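Colleague: Encoded as structure tokens, here's the structure I'll be asking about.
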Amino acid sequence: MTRPATPDRAATTAGTPPAPRAGGEAARALLSEYAPLLLAAAYFLAASATVPGLGTPRNLSNLVVNVLPLLVAALGQTAVLIAGGIDLSIPAVVAACSVASARLMTAAGPGGLDVPSPQMVPAAVAIALGLGAGIGLFNGLAVAALRVPPFLVTLSTSMVVGGATLWATHSRNIANLPASFTDLAYGRVGGVPLFVPLVAALALAMHLMLGRTLIGRWLYAVGQNARASRVSGVPVGRVTACAYAVSGLCAAVAALLYTARLETGLPTMGREILLDVVGAAVIGGTSLAGGKGTVLGTVFGALLLALIDNSLNLIGLEYYAIMMAKGLVILLAASIDLLRARLLGRATP
Amino acid sequence: MTAEPTEALPATGPRPGPWRRLARHAPLLLLLAVVLAFGAISPVFRTPANARNILVQSSGVAVVAVGMTIVLITGGIDLSAGAVMFLSAAVAGKLVIGGWIPGLGPIPVPLAVALIVPLGLACGLVNAALVAGGRIAPFVATLATLYLARGLALQITQTRPLPLPPGFLELGRAAVLGLPLPAWILLAAAAAGQAMLSATPLGRQLYALGHDPDAARRAGLRTTRLLAFAYVISGLCASLGGLIAVAQLGTVSPTFGAQREFAAIAAAVLGGTSLFGGRGNVLPGTLVGVLLVQTLENGLNILNADPYSYPVVVGAVLFVAVLLDRLRRPRD
Amino acid sequence: MTPGEPVASLEFRDVRKGFSGVPVLRGVSLAVEGGEVLGLVGENGAGKSTLMNLLGGVFPPDGGAMLLDGRVYAPASPRDAARAGVAFIHQELNLFPNLSVAENLLLDGLPRLGLAGLRLPLIDRRALRARVRPLLEAVGLDLDPDTAVGELPAGRRQLVEIARALGARARVLILDEPTTSLSAREADRLFALLRRLRERGVAMIFISHNLPDVLGLCDSIAVLRDGGLISHGPAAGYDEARLFREMVGRDAARQSPSPRADASGPILQLRDLARPPAVRGVSLDLRGGEVVGVAGLMGAGRTELLRLVFGLDRIESGSVLLDGKPLVPSPRRSIRAGLAFLTEDRREEGLLMDSAVVPNATLAALPGFARTPLRLVDRSRERTAAASAAEGVRLRAARIERQPVRTLSGGNQQKVVLARWLLTRPRVLLLDEPTRGVDVAAKQDIYQLVRELAAGGAGVLVVSSEIEELTTLCDRIAVMAAGRLVESLGRPEFDRERILRAAFRGEGRGEGAR
Amino acid sequence: ADGRPLVGVSFDTLQTEYWVASRDAMAAEIEARGARMLLAVANNDANRQFEQVNNFIARGVDGIIIAPKDSQIVLPMIKLASRAKIPIVLYNRPPAADVGPCVTVVADNFQITRDTVAFLAEKARAIGGKHRAMILIGDLGDANAIGRRDGFDAAIAAFSDVIEVVARVPTEWNQEKALAGVTNALQAHPDIDFIFSSSDFLFPSVVSALQQAGKYGKAGEPGHVLLAGFDGDATAYRMLADGHLDADGVQDVAYECRESVRAVFDLGAGRDVPRVLRDPGFVAHQGNLDEARRRMWGAKTAPGEGSRR
Ligand SMILES: Nc1ncnc2c1ncn2[C@@H]1O[C@H](COP(=O)(O)OP(=O)(O)OP(=O)(O)O)[C@@H](O)[C@H]1O
Ligand SMILES: Nc1ncnc2c1ncn2[C@@H]1O[C@H](COP(=O)(O)OP(=O)(O)OP(=O)(O)O)[C@@H](O)[C@H]1O
Ligand SMILES: O[C@@H]1[C@@H](O)[C@H](O)OC[C@H]1O
Ligand SMILES: [Mg+2]
Ligand SMILES: [Mg+2]
């Protein structure tokens, strides 16, 4: 590869055609990368004209804070989807981690009542994270080692973990969490709710991991073509396991956020979030077929979903009308995205 | 010169060994094992009446799963199936009760059922238009129609349970040759679905489409129509499945059909259908998937197992299925 | 054979096509007549497949027109094209491994059962088999039509693809590199078949990088370069030198035997390596600076041998020594130890189709671009390295950072895989059909590259089905038959006949290759 | 935006008639006071409910009524509301702890169930012999379901001499699962003659299964299966009226809603309101049909009443 290039070789390599105008290029890149952002913004603008109170700073910050746990879980799902898998066990992991952490930071008092034991908070947090990552790792190893459909692997883990969580608690919530833990939900740094920079840091870390690190690049490679990746020396098994472990870890973080703000360990925590968790990623451009997806896309996917809920909530529509509106907005988002893709594709002189 | 040597190679690869051939039927074997296990413990479980129960109880989801399998084979997914079940049942209920459309009195059950067929087709057509026509990702498109259909049905029922007249229940109970109608419909749908997939040009083309849509187009197939067909069929199956299920219940509750799409997908995947398309079958695959889960729940009911144990047991058996499934594939 | 009239003429008039602003065909005008075979040649990425895709209805032209029998022909889809009598053998196989051979052959027109004059929507399996059998015979395929295509080796799949085009009873037949995985015998049979079709008035367009084949078969030849037509005329007016010159824009380098490096001690030693039935005990020494070819019949076990050495399949007995030390191969360990394996199946085992050239090119070498402690990938170094590797293999891509390799021409895709392995600076190269689909000029460059690597001390093991490739490139040729090495020839002993004889020797043994 | 006061109402679910009736009653009461209702439904998701309450507060509503998923998770919502100085009323479930000013309007799932089941068990004892019982348990993640299960167990404990529980059917509040579960349990124990359904909305499934097994008879008829439920919905009322149902635990929707809305406005106006407003509920049975007609919400809301035969 160090040979001197003959003149005509240089010509063929560079590609003969003149590069398209730089301005168009930039616009195109922006459009494709930030499409979900534009969607969310467009929807926001349209909605705030009609929905009272939507655009107030109060509501906006409320919106952002609301979406954090879902976003964290969706980021984990994004990693798994990129690697060509799917993680159905997120809700169960959220429940298990919620209960485990809550149980640890409370001691059983007289009459079976929960008594806060603040000194256990760090350990409880650590154990919840470990539990989440552990279940994720189990999923990942099962998928990697057995090479069976992730759908089935994570479905069965989800049933076993979710069922065991209910069983272990016999449906009872765990209350009286130490204030040092629950206060985190109200904590602020520089006037910003504590969880915001926390989740932002996590998202940034994921962003860097996916886009800049070796393992991130391997994730995309495995998701696109696992066989080719293996031939090229990618440790496919380890990469796959890592994706699920990340997902489990994210689910654990989400569980902690949920648990802190509800001040309760809940064996049913997160039961209903699966569709939103996958939906946020997919609306943000992640492909269920693997190999495609970004953190930024998922952030805006989650924001869009939260925005839909929030705005429809504020209008005070009937319950069924809210549902239908949600369906329509998702369709609208998808068709705008499609239109954009089509316009881009046609940009031939 | 051109590539030189000729073939000294047998036309095809090595035949799978006996183990692998056996493992190819992993879910079926597992189903048998479950049946034997429960049967050994409980005499009640072994009765023909109970077998009939399992079939009837499976019928709703199974019919939905037939359509779902077809969609999955194209590489798609239909999240709206459960909501379409609900919508169909709600509309049928309203029609049979009457007074829904001003001036329209109660209409007979068979007519109402007949009117639901086009409704199911229409729901499928909407999905088809979005996925095949509009090229919207199936997950997103059918997620949207899930909300639309469920919202619409909730509006129709005003989010209230809708009690159905007894005529409806007759539909669920009528027995032909000793087998209840829902069981017949289940068998018919499964047989028709499998025949469509394996014995018609359309079916074979669906497999091609699911394996590689670009290649399918290059091979001269009408990919848009094929894809649309799959979603239309799924809509039809969802609405039939909804009717069967509701004919057993007698009431359309506001949660009717919720998450049933998920049960259908799980059954299909358990039966060997790939989420990436191009692989799968209804018989025995999907049917075995449905029966496996339903049999487990039936057995646990009969043994009066601790309610908390259900998901754990079902999940664990699924995991075993997954493990066995590993055997059916050659290494790598 | 032809349903309607044989085609009188097919014409491209000033046809233009571009992708996202990059012109690929710049106004091509060309005509073919019924009963004529047109050879279409050009470098990788010249636009040959694109031109054929327009004809096959895969996508429409941006400008210009096509005429069939003097009437405007504008197919909206491949289906339209097929209806108009245009059949297409694609460069990348276009088969469905999940379906049977018979179903693949007649997928868009499966015969249906009739009942009292009524056509049922059910496949008539009997009729299907009956219709398919002559097609298989025509291409010399002797197999059960109910076999799943996924169970067939590559060469047989290509024959199936050809049989499918025959089944379409076309008036115009496009063959885009149909012989890349055919044996000489099969290729000859194909050519005979094409000549018969010519007599029946079918118009054919034959694309190949095998210039002797083109010159031997075609009635007329057209040369494309950079999306423009360079020349077009009767085949008699062309020879290899002219073709080369017009395709590439320069004269062919004189094929001087490259300098042979002094081979050092053995780098790679195979000791009784076996994984029956494909490989049954192979011992071989590869020395630094040496290029060793492996010849053999299709299915002789050559691919499997390389896979064993690289660690893609489990070794059942025997061992691999690298620098005298045992290597327990796995792709990762092998790569770290300096091995590289160029797969013969670039689509399934090579490329990340939706990724751009850069990530594809650097995939195997990626850990080398990652800096501890965070294993961040140094993207500018990565890009520079990828760019120079791309240049080294004469890759032709619009923008290596953005263009998905899916949209590269077939030959250029092959070059991307090659570039990937060059970037790992391998000490031992395992090359399986390294120049499949690569144009003549690039082929020479690749040979040159391989020689240079060898000169730098690397050992190279090349599997190729083109004996000429082996005799040009190698210092030694080992012949494999039925999983064993049956002959080893030094350069002076290189002889086509002798290699073939050795290759066939394995046939009598036992149950053949199994 | 029209100047009328806004009351944010968040329901955990609308999945049963009880909640739908509650929503309607709530809407009517709020409307009657010249205010507007902002409705949110959390679909069984505690976190979504939390977010909805956040949204209400951000929107600046004048009062909040929550039918919370359970008594524990509502605590942070009470804190938020009290911090924002917005009056908050809990409908149908009490808070687990005192974390801020709020008013609770509640019927006691545990107690009403216990009374209902005890009534049924007395009846069993009066009939004599040993009875085999089945309970349809609701969603194991739903506090109401658990409260009713516990009420059932507590009542049965006192009748262990005459009643043996042979089937505990998990329904996940799903009618199909309930139908399958009851069918299967009847298959296993054809002698079941005592059934409690944790919610009236599962009755259609129970009835369907009983009819299949040829065991759906009226009270007093031979082979009648003792039957009780919970809620007081229209189906239950009808079954009571035509003699199929023996007892039903009734909560008073109209009362609870009226009190909830009154409380939220009183709090807003700075008036004193008792912290807990208790709906005593009652057991409707064959012996108090007149009272049942008056106090059972299902007797009024019965949808499609006219069209049913
Ligand atoms: N696709 C296949 N289907 C069935 N058997 C195969 C296939 N590929 C390889 N084999 C088996 O492996 C053995 C060696 O095949 P291998 O691919 O290594 O041969 P090869 O000499 O590289 O031939 P080719 O030119 O086809 O690549 C064969 O004898 C055959 O039994
Ligand atoms: N869909 C597409 N999008 C963008 N570029 C494309 C697309 N299809 C083809 N190209 C570009 O068009 C050019 C011509 O490609 P084409 O496949 O026609 O070459 P070819 O002459 O067939 O080469 P080869 O001999 O390697 O097969 C290439 O540079 C290729 O990258
Ligand atoms: O808690 C609810 C209960 O009140 C109702 O009767 O049934 C469904 C439950 O969700
Ligand atoms: Mg080409
Ligand atoms: Mg080979």
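The values are calculated or read from the model by the stated rules, or taken from the named source; none is laboratory data. On a predicted model such as this, the values are computed, not experimentally measured, just so you know. Ideal geometry is used to build each Cβ from the backbone, glycine not excepted, and the neighbour counts take in all protein chains shown. We work out accessible area using only protein heavy atoms, side chains counted, and drop any ligands, DNA or RNA first. Shrake-Rupley method; radii C 1.70, N 1.55, O 1.52, S 1.80 Å.
Colleague: Just to be sure I understand: if you take the accessible area of chain D alone plus chain A alone and subtract the pair, with a 1.4 Å probe, what total do you get in Å², rounded to 100?
Modeller: Separately minus together, D and A give about 3000 Å² buried.
Colleague: Taking 0.36 nm per residue of sequence separation and subtracting the Cα-Cα distance, how much length would be gained by fully extending the chain between C:SER231 and C:ARG496, in nm to one decimal? Kindly include the intermediate steps, with their values, before the conclusion.
Modeller: Working: separation 265, 0.36 × 265 = 95.40 nm, distance 3.43 nm.
Full-extension gain reported as 92.0 nm.
Colleague: Checking the cross-link filter: which aspartates and glutamates have an alpha carbon closer than 14 Å to that of A:LYS292, excluding same-chain neighbours under 8 positions apart?
Modeller: Once the sequence-local aspartates and glutamates are set aside, what remains near A:LYS292 is A:GLU33, C:ASP354.
Colleague: Starting from the Cα of D:LYS123, draw a straight line to each of the lysines and keep only those under 29 Å, dropping any in the same chain fewer than 8 residues away.
Modeller: The reachable lysines, counting only those whose Cα sits under 29 Å from D:LYS123, are D:LYS177, D:LYS215, D:LYS218, D:LYS300.
Colleague: Next question, about the same structure. For D:LEU277, enumerate residues with amide H under 5 Å from its amide H, sequence gap 5+ or separate chain, H modeled in the peptide plane.
Modeller: Excluding prolines and chain starts, which carry no amide H, the hits are D:THR104, D:VAL105, D:VAL106.
Colleague: Something else: Return the long-range amide H neighbours of A:ALA107 (sequence gap of 5 or more, or a different chain), with a cut-off of under 5 Å between placed amide H atoms.
Modeller: Here the answer is A:VAL115, A:SER117, since their amide H atoms fall under 5 Å of that of A:ALA107.
Colleague: Something else about it: In the protein assembly as shown, if the dipole is taken from +1 on Lys/Arg beta carbons and -1 on Asp/Glu beta carbons about the Cα centre, which of C:PHE341, A:ALA175, D:ALA40 is farthest to the positive end?
Modeller: C:PHE341
Colleague: Could you list the residues of segment A:199-233 with an amide nitrogen less than 18 Å from a label point located 7 Å from the Cα of C:THR372 in the Cα-to-C-beta direction?
Modeller: Label zone hits: A:213-215.
Colleague: Mind giving me the nanometre distance, one decimal, between the label points for C:ARG119 and D:ALA126, set 7 Å out from Cα along Cα→Cβ?
Modeller: Here the answer is 7.6 nm between the modelled labels.
Colleague: Please name which of C:GLY392, C:THR372, C:THR472 has its Cα lying farthest along the dipole of segment C:364-505 towards the positive end, using unit charges on Cβ (Lys, Arg +1; Asp, Glu -1) and the Cα centre as origin.
Modeller: Result: C:THR372.
Colleague: Stretched out fully, how many nm does the piece from B:LEU323 to B:ARG225 gain, at 0.36 nm a residue minus the Cα gap?
Modeller: 31.5 nm
Colleague: Calculate the mean, over all residues of peptide C:411-424, of how many other protein chain Cβ atoms lie within 10 angstrom of the residue's Cβ.
Modeller: 1
Colleague: Sticking with this one: Could you give the angle, 0 to 90 degrees to the nearest 10, between helix B:287-302's Cα long axis and the longest principal axis of the Cα atoms of chain B?
Modeller: Computed tilt is about 50 degrees.
Colleague: Would you work out the charge dipole size for chain B about its Cα centre, treating the Cβ of every Lys and Arg as +1 and the Cβ of every Asp and Glu as -1, and quote it to the nearest 20 debye?
Modeller: My answer is approximately 280 debye.
Colleague: Work out from phi, with θ = phi - 60° and the Karplus expression 6.51 cos²θ - 1.76 cosθ + 1.60, the ³J(HN,Hα) of each residue of segment D:260-268, listed in order in whole Hz, and give x for Gly and Pro.
Modeller: For segment D:260-268, the Karplus-derived couplings read 4, 5, 4, 4, 5, 6, 4, 4, x Hz, x marking Gly and Pro.
Colleague: Carbon-plus-sulfur fraction of the accessible area of segment A:114-176, 1.4 Å probe, in percent? Write down the numbers at each step before the final one.
Modeller: Numbers: 1870 of 2470 Å².
Heavy-atom surface of segment A:114-176 belonging to carbon and sulfur, 1.4 Å probe: 76 percent.
Colleague: Take D:ARG4, project a point 7 Å from its Cα along the Cβ direction, then tell me which residues of segment D:27-43 have their backbone nitrogen under 19 Å from it.
Modeller: Answer for segment D:27-43: D:27-41.
Colleague: How large is the helix-only mean residue ellipticity at 222 nm for the protein assembly as shown, computed as the sum of -39500 (n - 2.57) over DSSP H runs with n ≥ 4, divided by its residue count, in deg cm²/dmol to the nearest 500?
Modeller: Calculated from helices alone, the mean residue ellipticity at 222 nm is -16500 deg cm²/dmol.
Colleague: Once R0 is set to 56 Å, what does the formula 1/(1 + (r/R0)^6) return for the Cβ-Cβ distance between B:LEU29 and C:SER29, expressed as a FRET efficiency to the nearest 0.05?
Modeller: 0.30
Colleague: So if each residue of separation counts as 0.36 nm, and I subtract the Cα-Cα distance between C:ARG16 and C:GLN448, what length gain in nm does that give?
Modeller: 152.0 nm
Colleague: Further question: As an exercise, use a Förster radius of 30 Å and the Cβ-Cβ distance of C:GLU316 and C:ARG425 to find the FRET efficiency, rounded to the nearest 0.05.
Modeller: For C:GLU316 and C:ARG425, the calculated efficiency is 0.45.
Colleague: Work from the charge dipole of the protein assembly as shown (Cβ charges, +1 for Lys and Arg, -1 for Asp and Glu, about the Cα centre) and give the residue of D:LEU120, D:SER82, B:TYR231 farthest towards its positive end.
Modeller: Most positive-ward Cα: B:TYR231.
Colleague: To continue, here is another question. Would you give the gap between the C-alpha center of segment D:30-74 and the C-alpha center of segment C:176-228, rounded to a whole Å?
Modeller: If you average the Cα positions of each part, the centres end up 75 Å apart.
Colleague: Moving to a separate point now. Find the percent of Cα-Cα distances in segment B:45-324 that exceed 26 Å, and round it to a whole number.
Modeller: On the way: 16519 of 39060 pairs.
Roughly 42 percent, once rounded to a whole number.
Colleague: What distance in nm separates the two pseudo spin-label positions at A:ARG212 and A:ALA108, each 7 Å out from Cα along the beta-carbon direction?
Modeller: 4.9 nm
Colleague: In sequence order, what are the phi-derived ³J(HN,Hα) couplings for segment B:117-131 according to the Karplus relation 6.51 cos²θ - 1.76 cosθ + 1.60 with θ = phi - 60°, rounded to whole Hz, with x for glycine and proline?
Modeller: 3, x, 5, x, 4, 5, 4, x, 5, 4, 4, 4, 4, 6, 7
Colleague: Further question on the same structure: By how many degrees, 0 to 90 and rounded to 10, does the Cα axis of helix B:81-97 deviate from the longest principal axis of chain B?
Modeller: 30 degrees
Colleague: Can I ask one more? In debye, nearest 20: dipole of segment C:96-168 around its Cα centre with unit charges on the Cβ of K, R (+) and D, E (-)?
Modeller: 260 debye
Colleague: Further question: Determine the total buried accessible area between chain D and chain B, counting protein heavy atoms only with a 1.4 Å probe; round to the nearest 100 Å².
Modeller: In total, chains D and B hide about 3200 Å² from solvent.
Colleague: Take peptide A:140-151, look around each residue's Cβ out to 10 angstrom, count Cβ atoms belonging to other protein chains, and average those counts.
Modeller: 4
Colleague: Follow-up question, since we're still on this one. In whole Hz and in residue order, list the ³J(HN,Hα) couplings for segment D:126-131 that follow from phi through the Karplus curve 6.51 cos²θ - 1.76 cosθ + 1.60, θ = phi - 60°; x for Gly and Pro.
Modeller: Computed from phi, the couplings for segment D:126-131 are 4, 5, x, x, 8, 10 Hz.
Colleague: If you place +1 on the Cβ of every Lys and Arg, -1 on the Cβ of every Asp and Glu, and leave all else neutral, what size is the dipole of chain C about its Cα centre, to the nearest 20 Debye?
Modeller: 1060 debye
Colleague: Can you tell me which of C:97-105, C:127-135, C:266-274 comes out highest on packing, and rank the rest after it, using the mean Cβ neighbours within 10 Å?
Modeller: C:97-105, C:266-274, C:127-135
Colleague: Between B:LEU115 and A:THR50, take the C-beta separation as r, use R0 = 41 Å, and let me know the FRET efficiency to the nearest 0.05. Kindly include the intermediate steps, with their values, before the conclusion.
Modeller: Details: r = 37 Å, r/R0 = 0.91.
So the FRET efficiency works out to roughly 0.65.
Colleague: Pick out, in residue order, every one of the chymotrypsin sites (Phe, Trp or Tyr not before Pro) in segment B:273-332 that is DSSP loop and has at most 16 other C-beta atoms within 10 Å; say none if there are none.
Modeller: Taking segment B:273-332 and a limit of 16 other Cβ atoms within 10 Å, the loop chymotrypsin sites (Phe, Trp or Tyr not before Pro) found are B:PHE276.
Colleague: Over the protein assembly as shown, with the other protein chains present, what is the accessible area per residue in square angstrom, probe 1.4 angstrom? Write down the numbers at each step before the final one.
Modeller: Numbers: 53490 Å² over 1504 residues.
Ligands and nucleic acids excluded, the result is 36 Å² per residue.
Colleague: Moving on to the next point. Skipping prolines and chain starts, which residues have an amide H placed within reach, meaning under 5 Å, of the one on C:ASP124, given they are 5 or more residues away or on another chain?
Modeller: Residues meeting the amide H criterion: C:ARG112, C:LEU113.
Colleague: Please give every one of the lysines within straight-line cross-link reach of C:LYS415, meaning a C-alpha to C-alpha distance under 23 Å, and leave out same-chain neighbours fewer than 8 residues apart.
Modeller: C:LYS48, C:LYS443
Colleague: What distance in nm lies between label points placed 7 Å from Cα along the C-beta direction at A:ARG188 and D:LEU289?
Modeller: With each label placed 7 Å out from Cα toward Cβ, I get 6.4 nm.
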